[in-house]
Amino acid sequence: MALVAITSVQFTTPMRTFWHEAASAAITLLLNRALALSASTLQLISRFMEGPSADCYCGVSASLCTVETNYPAWRTAKRTAATRFCTAATCPLNAPMNGSINVPRCRSEESVTMAQDFYFLLMPGFSAIGFISALEPLRVANRFGGELYRWHVLSADGGAVQASNGMSVNADAALESLKKGATLLVVAGFEPLQFATPSLQQWLRRLDHEGVTLGAIDTGACVLAETGLLDGHRLTLHWEAIEAFKESYPQLTVTQELFEIDRRRITCAGGTASIDLMLDLIAQAHGPELAIQVSEQFVLGRIRTRKDHQRMQIATRYGIANKKLVHVIGEMEQQTERPLSTLALAEAINVTRRQLERLFRLHLNDTPSNFYLGLRLEKARQLLRQSGLSVLEVSIACGFESPSYFTRSYRARFTKCPREDRRREGV
């Protein structure tokens, strides 16, 4: 309280310098003993050290943040108290990630011994939203909890990497040795194996041998699978790539969850599911309260769990409420390689064939057979664009016994033949 009382007294310059040093030492003592300062006390300290300011809308002078820079005691003490009350955009403790292609590693250049290191290996054509959605929760967690995380961006050659949306991100380094206890996440997009060179795969195996936790976002799982690093582990990836992935790696256990954490393997579907993954990791390491704080900064209505569906439910996707029809469509989606007859589908929900046709006409303005054909052709398109299967293999995988019928049906729906669609780049 003596520290607070002196703020109303005017001092000469020598005396003010003396009290600056005394206040700095006192702050260090208080913070090192983990005493929680109230917002009003911090405000008074700020007024004394730097003079009044109204930059921080939370009611605490933004000049309090300057103390951390000007007084060494603040750099050696915990910064949690300051970040708890100061949320101004101008505050150096809360500097947000800007729109530049250089991704800041963390909010401070000071080395933090206990911080957890995340490395993001960006593959050419990577998913920007999958990457940013994984990075931002770490930044916000640091804002509320102090320096909990550090992040580093890597590329195969150490240079800039272009995302699928055309945005380029500068890397901090090339393939390097990672810090002990670090986590590496491979972030990819379309055609990930095109850039999975032997040297990259060898580097990934070495990291695994050194005990690094390996993970993947979106189709980054393809890179780990090709390297043999997902054998014996549960994994997930973007729903659009799952069928092609299963065809290429039938021995692996693939789920349709938002993310999977299986020992030292972390995989994520990408997109906004990256947020859910990081919130789960934050909750495990620092408690659910911090995860909730971070979630609210992204205006999320709730924190999704691992078991939440990647895709919308069938009823939502097609705008239908009839439970029998929803069940039939689910059967169709599961049975694309060996299509069921319309009669078999009708029997599955205890209706006649005519009743099933009436349901499709009433709710979807389509016939069961034509709707089923559309599902199989959509799967074929995904396999053509995201797998190395031949056109013949794709047609068989989607239940077409005749390649010519497959080609005619494909052209009728997509206005181009399968081979032309495969040659498209950057889809």
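Going through region 160-207 one residue at a time, which ones are aliphatic (A, V, I, L, M), closer than 17 Å to G270 by Cβ, at pLDDT below 95 and touching a Phe, Trp or Tyr at 6+ places or on another chain (Cβ under 9 Å)?
Once the filter is applied, which keeps residues that are aliphatic (A, V, I, L, M), closer than 17 Å to G270 by Cβ, at pLDDT below 95 and touching a Phe, Trp or Tyr at 6+ places or on another chain (Cβ under 9 Å), region 160-207 yields nothing.
Here are I275, I261, I282, I242: which of them is over 30 Å from G399 (Cβ atoms), out of contact with any Asp or Glu (no Cβ under 6 Å at 6 or more places or on another chain) and either outside any helix (DSSP H, G or I) or at pLDDT below 95 (or both)?
That would be I261, the only listed residue that is over 30 Å from G399 (Cβ atoms), out of contact with any Asp or Glu (no Cβ under 6 Å at 6 or more places or on another chain) and either outside any helix (DSSP H, G or I) or at pLDDT below 95 (or both).
Taking region 179-195 as the region of interest, how many residues are crowded, with 21+ Cβ neighbours inside 10 Å and in a loop (DSSP other than H, G, I, E, B)?
Qualifying residue count, region 179-195: 1.
For residues in region 276-285 being of a type outside the set (V, I, T) and surrounded by 14 or more Cβ atoms within 10 Å (Cβ to Cβ), which is nearest to A134 (Cα to Cα)?
M278
What number goes with the only condition from (1) at pLDDT 95 or above; (2) within 18 Å of E401 (Cβ to Cβ) that V351 does not pass?
(2)
Out of the residues in region 243-260 that are among the β-branched types (V, I, T) and either in contact with a Ser or Thr (Cβ under 8 Å, 6 or more places away or on another chain) or outside the structural domain of Q201 (by TED's automatic domain parsing) (or both), which is surrounded by the fewest Cβ atoms within 10 Å (Cβ to Cβ)?
By that ranking, first place goes to T255.
Taking into account only those residues within region 196-212 that are among the charged types (D, E, K, R) and not in a loop (DSSP other than H, G, I, E, B), which is surrounded by the most Cβ atoms within 10 Å (Cβ to Cβ)?
Step by step, filter region 196-212, then rank; the result is D208.
How many residues does region 236-253 contain that are without any contact (Cβ under 8 Å) to a residue 24 or more places away in the chain and either of a type in the set (V, I, T) or at positive phi (or both)?
2
Being touching a Pro at 6+ places or on another chain (Cβ under 7 Å), surrounded by 17 or more Cβ atoms within 10 Å (Cβ to Cβ) and not in a loop (DSSP other than H, G, I, E, B), is that true of even one residue in region 286-293?
No, the conditions are met nowhere in region 286-293.
Would you say F400 is part of a helix (DSSP H, G or I), touching a residue at least 24 places away in the same chain (Cβ under 8 Å) and of a type in the set (F, W, Y)?
It is false that F400 is part of a helix (DSSP H, G or I), touching a residue at least 24 places away in the same chain (Cβ under 8 Å) and of a type in the set (F, W, Y).
What are the residues in region 294-307 that are loosely packed, with under 14 Cβ neighbours inside 10 Å and among the charged types (D, E, K, R), if any?
Within region 294-307, E296, R302, K307 meet the criteria.
How about region 112-154: which of its residues are among the small types (G, A, S), surrounded by fewer than 22 Cβ atoms within 10 Å (Cβ to Cβ) and within 24 Å of H238 (Cα to Cα)?
Within region 112-154, G125, A128 qualify.
Looking at E333, is it assigned to a helix (DSSP H, G or I), modelled with pLDDT of 95 or more, charged (D, E, K, R) and within 17 Å of G374 (Cβ to Cβ)?
Considered against the rule, which asks whether it is assigned to a helix (DSSP H, G or I), modelled with pLDDT of 95 or more, charged (D, E, K, R) and within 17 Å of G374 (Cβ to Cβ), E333 comes out as no.
Restricting the search to region 155-169, which residues are of a type in the set (A, V, I, L, M, F, W, C) and surrounded by fewer than 19 Cβ atoms within 10 Å (Cβ to Cβ)?
Those that are of a type in the set (A, V, I, L, M, F, W, C) and surrounded by fewer than 19 Cβ atoms within 10 Å (Cβ to Cβ): A160, M167.
Within region 202-225, track down each residue that is of a type in the set (S, T, N, Q) and touching a Gly at 6+ places or on another chain (Cβ under 9 Å).
T213, T219, listed by residue number.
The values are calculated or read from the model by the stated rules, or taken from the named source; none is laboratory data. What you see is a predicted model, and the numbers here were worked out from it, not measured in a lab. Don't worry about glycine lacking a Cβ; one is built from the backbone with ideal geometry, like all the others, and counts go over all protein chains shown.
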